[in-house]
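Read through the structure below, which is laid out as structure tokens, and then see the notes.
The values are calculated or read from the model by the stated rules, or taken from the named source; none is laboratory data. Quantities reported herein were computed from a predicted structural model and do not represent experimental measurements. Counting neighbours? That spans all protein chains shown, and the Cβs are built from the backbone with ideal geometry, glycine included.
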């Protein structure tokens, strides 16, 4: 652990050195500045509502804590989400646009804003958190490379429906409304009349029907999908265009959870699912040009694919459909990629056809462009954030650096915010180790102990969650198993949340002794019962991840060593992670335990390579396709599968009893050992410039909800319309 603490000290020292250089350069710049730049033209302001007549704008978010106390403010889900992104005020009838777009209209290179937006009554109105924003500016971020696709996905909020700020209520988004048939099989989506793709082509029901018939159920593109949309676990029988702006989606069997899938990343939007070829819709007019079935000359098409360096047309199709890789693919997101994720500067510029406005009728987004600088070294990325070179970043921001960020708030003109998440960090156990047609020699001794509840209980008691909380999370988390946070309607209660979290190494030793796992040679490590020496458990962790899982792994290793259990830590990059997951090779993993959107840990076991997930999904999601599958025999695990199935048949808000039962099964059996929950460490530590506005103090921090998009990035703005480098 000394090396990790030295690393943090080194980061702080490097930050001071950089600030010295920045201070000197700022003085030099001041001598040459002749005048401050004029602020960007302000958008039209929303008219004040008539007293006691027009509905008030959305309730203001809870008061931001004083800056000195912000670091000590624990993330909570108890009464903090006061705002709503449902607009109940007067609908604007006149519209304004960004000055850059107005100039293009004046030059004749772009149609007027009224022609670019949907019909006036169908334009989506997005309430603003603080005030009507200022147009202009570049939102500076950092990304780590081509595998960092979620860096942009999370900003683009192009799901068919979306969650409100509370993370529970489904509200309109791409679709302005929806109906569900009495039998729960037919979902009718009502699109926004006059809405267009970023190239000006109408966005219609054909973009749903064609995509399903020629991508989702195409035997070459998706040979095993069998009608499943995204990662929803829901199989669709058909899409039908009732008219240009009405589409009917018929499910094979009733799954009321499909409504929630339309609002989260499991079906997602075009930005995320375009590159995977498994979403709800796509730009028909463009996709026909890269789909082999629609090529008049198949030989010429094949030559085009080969000349572009592809071995097959499927990869060619996915790459050229990807909004992250292809500048040709149209989008309906607020920004469109102009420099790909494979470049050193990854950029997105405003979509002139975006279909939403603020309450005053100003077309969104406010911000002109997003510019992400390739920063593979996360130490450097966090250093840039602390130096004020990033305008808003949540991804790859490390909890351990918060003291440095706080120290430099005034000097770098930055704020730090925390958005807490459900679940916990701890030790995942691969309950399916050795199951299925694995291609390795199964260590039966290891397998025996993984499946021994008393052994897992001893591990839980040996781990010190309070130390993990202090070292990793500055005391900001809550000692807990991997359950929903307190205050959420699905919280299983203190008894379940706190079960087996007490730190009692002496009891852990007694349990291990009682089950026959003893140190027979006196070297401090408990021995195998098959006479083959020390018992060692290979424990994986994700290297260079959003959370400092290397520190977590070392802390757990230290605690277990004190009771004689030996771990062999193994750092993994993304490629090795996938290889071990697919091969069901993992034994234990230090990382996340549980998750806030899923009814059963079964849905999350892919993190430690579980064959049970693949058995459950049938290999029909991105995390389990081509992976080893094995059917569980443990009745409790089979019950988790039943709960997961039942949950898909209910709306998210109606799943309380199922979620609580699933959490209790997981905790009672310790299929995953939680330590600290309710932390912002995974994508929830936000560093932003003080001039970066309309950011809620708190919002749900869950991957399926795609934060910060759930806070409506389109209404974020840079005060004055320019960042401090423009």
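Things worth noting here:
- Answer from 428, 460 - the residue that is in the same structural domain as residue 577 (by TED's automatic domain parsing), under 21 Å from the mean Cα position of the chain (by Cα) and either touching a residue at least 60 places away in the same chain (Cβ under 8 Å) or crowded, with 21+ Cβ neighbours inside 10 Å (or both): 428
- The numbered conditions (1) surrounded by fewer than 16 Cβ atoms within 10 Å (Cβ to Cβ); (2) part of a loop (DSSP other than H, G, I, E, B) are all true for residue 231 except (1).
- Residue 476 being within 23 Å of residue 397 (Cβ to Cβ) and either assigned to a loop (DSSP other than H, G, I, E, B) or out of contact with any strand residue (DSSP E or B) (no Cβ under 9 Å at 6 or more places or on another chain) (or both): yes
- Just one residue in the set 344, 311 is in contact with a strand residue (DSSP E or B) (Cβ under 9 Å, 6 or more places away or on another chain) and surrounded by fewer than 16 Cβ atoms within 10 Å (Cβ to Cβ); that residue is 344.
- Single unsatisfied condition, residue 659 versus (1) assigned by TED's automatic domain parsing to the domain that holds residue 461; (2) more than 21 Å from the chain's Cα centre (by Cα); (3) surrounded by 19 or more Cβ atoms within 10 Å (Cβ to Cβ): (2)
- Some residue of the range 702-709 being closer than 22 Å to residue 143 by Cα, at pLDDT below 95, part of a helix (DSSP H, G or I) and in contact with a strand residue (DSSP E or B) (Cβ under 6 Å, 6 or more places away or on another chain): yes
- Looking at 470, 454, 435, 409, just one residue is within 22 Å of residue 633 (Cβ to Cβ) and either outside the structural domain of residue 529 (by TED's automatic domain parsing) or surrounded by fewer than 21 Cβ atoms within 10 Å (Cβ to Cβ) (or both), and that residue is 454.
- Qualifying residue in the range 601-611 (condition: more than 23 Å from residue 147 (Cα to Cα) and at pLDDT 85 or above): yes
Condition check ((1) closer than 30 Å to residue 252 by Cβ; (2) surrounded by 23 or more Cβ atoms within 10 Å (Cβ to Cβ)) across all residues:
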| site | (1), (2) |
| --- | --- |
| 630 | yes, no |
| 681 | no, yes |
| 693 | no, no |
| 701 | no, yes |
| 705 | yes, yes |
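- Among residues of the range 503-516, those that are assigned to a loop (DSSP other than H, G, I, E, B) and touching a helix residue (DSSP H, G or I) at 6+ places or on another chain (Cβ under 7 Å), counted: 3
- Subset of the range 142-157 (residues that are within 17 Å of residue 267 (Cα to Cα) and over 14 Å from the mean Cα position of the chain (by Cα)): none
- Of 436, 487, all but one fail to be in contact (Cβ under 8 Å) with a residue 60 or more places away in the chain, out of contact with any helix residue (DSSP H, G or I) (no Cβ under 9 Å at 6 or more places or on another chain) and on the phi > 0 side of the Ramachandran plot; the exception is 487.
- Every condition in (1) farther than 20 Å from residue 700 by Cβ; (2) surrounded by 14 or more Cβ atoms within 10 Å (Cβ to Cβ); (3) at pLDDT 50 or above is met by residue 115 except one, and the failing one is (2).
- Residues in the range 106-158 that are more than 30 Å from residue 190 (Cα to Cα) and not in a loop (DSSP other than H, G, I, E, B): 106, 107, 138, 139, 140, 141, 142, 143.
- Note on the range 558-577: residues that are in a helix (DSSP H, G or I) and out of contact with any strand residue (DSSP E or B) (no Cβ under 9 Å at 6 or more places or on another chain) total 3.
- Test: residue in the range 241-261 that is buried (at least 16 other Cβ atoms within 10 Å of the Cβ), touching a helix residue (DSSP H, G or I) at 6+ places or on another chain (Cβ under 9 Å) and more than 25 Å from residue 163 (Cβ to Cβ): yes
- Scanning the range 230-268 for residues that are more than 13 Å from residue 189 (Cα to Cα) and at pLDDT 95 or above yields 236, 237, 238, 251, 252.
- Of the residues making up the range 491-501, one or more are within 30 Å of residue 150 (Cα to Cα), outside any helix (DSSP H, G or I), within 28 Å of the chain's Cα centre (by Cα) and assigned by TED's automatic domain parsing to the domain that holds residue 575.
- For the range 674-699, filtered to residues that are touching a helix residue (DSSP H, G or I) at 6+ places or on another chain (Cβ under 6 Å) and under 30 Å from residue 135 (Cα atoms), the residue that is modelled with the lowest pLDDT is 699.
- Residues of the range 523-553 that turn out to be in a strand (DSSP E or B) and at pLDDT below 95, as a count: 3
- Within the range 355-384, the residues that satisfy the criterion of being farther than 30 Å from residue 332 by Cβ and touching a residue at least 12 places away in the same chain (Cβ under 8 Å) are 376, 378, 379, 382, 383, 384.
- For residue 535: the one exception among (1) in contact (Cβ under 8 Å) with a residue 40 or more places away in the chain; (2) within 26 Å of the chain's Cα centre (by Cα): (2)
- Scanning the range 439-476 for residues that are in contact with a helix residue (DSSP H, G or I) (Cβ under 9 Å, 6 or more places away or on another chain) and over 25 Å from residue 518 (Cβ atoms) yields 467, 468, 471, 472, 473, 474, 475, 476.
- For the range 81-90, the criterion of a residue being over 19 Å from residue 359 (Cβ atoms) and either in contact with a helix residue (DSSP H, G or I) (Cβ under 9 Å, 6 or more places away or on another chain) or at pLDDT below 90 (or both) is satisfied by at least one position.
- Checking every residue in the range 143-161 against the condition of being within 18 Å of residue 86 (Cβ to Cβ), touching a strand residue (DSSP E or B) at 6+ places or on another chain (Cβ under 9 Å) and at pLDDT 95 or above gives at least one match.
- Selection from the range 644-666 of residues that are closer than 14 Å to residue 255 by Cβ and in contact (Cβ under 8 Å) with a residue 12 or more places away in the chain: 644, 646, 647, 648, 649, 650, 651, 652, 654, 655, 658
- Just one of the listed residues (549, 500, 491) is surrounded by 15 or more Cβ atoms within 10 Å (Cβ to Cβ) and closer than 30 Å to residue 377 by Cβ, and it is 549.
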